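Colleague: Sending over a structure as structure tokens; questions will come in a sec.
The values are calculated or read from the model by the stated rules, or taken from the named source; none is laboratory data. Keep in mind the model is a prediction, meaning the values are calculated, not measured. Neighbour counts are summed over all protein chains in view; Cβ atoms, including those assigned to glycine, are modelled from backbone coordinates with ideal geometry.
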Amino acid sequence: MQIDETGLPGLKVLTPARFGDARGFFSESWNKRRLAEQGIDLDFVQDNHSVSAEAGTLRGLHFQSPPAAQDKLVRCGRGVLFDVAVDIRRGSPSYGAWFGIELSAENGRQLLVPKGFLHGFITRVPDTEVIYKCTDYYAPDCDGAVAWDSCGIDWDFDGTPVLSEKDAAAPRLADFASPFAWEG
């Protein structure tokens, strides 16, 4: 497993090795023991899977606050998406900074999004599947969002994205009181 730093503390890109032949490929997308040996020791308790029918579907920017905050390991099972994380840990040297990366079924990359980051993505092609692991269970009372267009993110998308009602009504980052604090 190749692990790359992003420049935002705790946010990492994981690229599993692929072993291919005439049938296709095999890849180990998560191995708790091997990654713990490399300093990533997480206990995932829930897997989520979403399908976005239209290109230009934007989901986010989401977070789950304490006491049910979640680390997430995000990958693309089919299609292509632009995945983004924004640091919202009060006092962090990178507060408000964002990182984005293309995840696709073809490139196999994964984004490890730690607690204290907003997370979102926009699909580049129809019928894109996103699969992600979480370290805590979904807790509706801890669920939150920040407006997708309030963090200075270059989504590299022309047009109007497809949004949920929740995402369309989310507060702007400037009006948001983060429940997360930098522990660096």
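Colleague: For the range 115-143, name all the residues that are more than 19 Å from S178 (Cα to Cα) and among the hydroxyl-bearing types (S, T, Y).
Modeller: Listed by number, the residues that qualify are T123, T128, Y132, T135, Y137.
Colleague: Filter the range 3-30 down to the residues that are surrounded by 12 or more Cβ atoms within 10 Å (Cβ to Cβ), part of a loop (DSSP other than H, G, I, E, B) and of a type outside the set (V, I, T), then identify the one that is nearest to the chain's Cα centre (by Cα).
Modeller: This residue is L11.
Colleague: If we only count strands (runs of 3 or more DSSP E) wholly inside the range 64-170, which ones have 3 or more residues that are crowded, with 19+ Cβ neighbours inside 10 Å?
Modeller: Counting at least 3 such residues, we get 72-78, 80-87, 98-104, 110-113, 117-123, 128-134.
Colleague: Consider the range 128-148. How many of its residues are touching a Pro at 6+ places or on another chain (Cβ under 9 Å) and more than 22 Å from L73 (Cβ to Cβ)?
Modeller: Of the residues in the range 128-148, 1 are touching a Pro at 6+ places or on another chain (Cβ under 9 Å) and more than 22 Å from L73 (Cβ to Cβ).
Colleague: Determine if the range 138-145 includes at least one residue that is of a type in the set (F, W, Y), on the phi < 0 side of the Ramachandran plot and in contact with a Gly (Cβ under 8 Å, 6 or more places away or on another chain).
Modeller: No.
Colleague: Also, quick follow-up: Across the range 1-49, which residue is modelled with the lowest pLDDT among those that are closer than 20 Å to V130 by Cβ and of a type in the set (K, R)?
Modeller: For the range 1-49, the residue satisfying everything is R18.
Colleague: Return the pairs, sorted by first residue and then second, in which the second residue is crowded, with 22+ Cβ neighbours inside 10 Å and hydrophobic (A, V, I, L, M, F, W, C), the first residue lies in the range 119-134 and is touching a residue at least 40 places away in the same chain (Cβ under 8 Å) and more than 23 Å from D154 (Cβ to Cβ), the beta carbons are less than 6 Å apart, and the residues are 6+ apart or on different chains.
Modeller: Note: pairs meeting the criteria are K133/L73.
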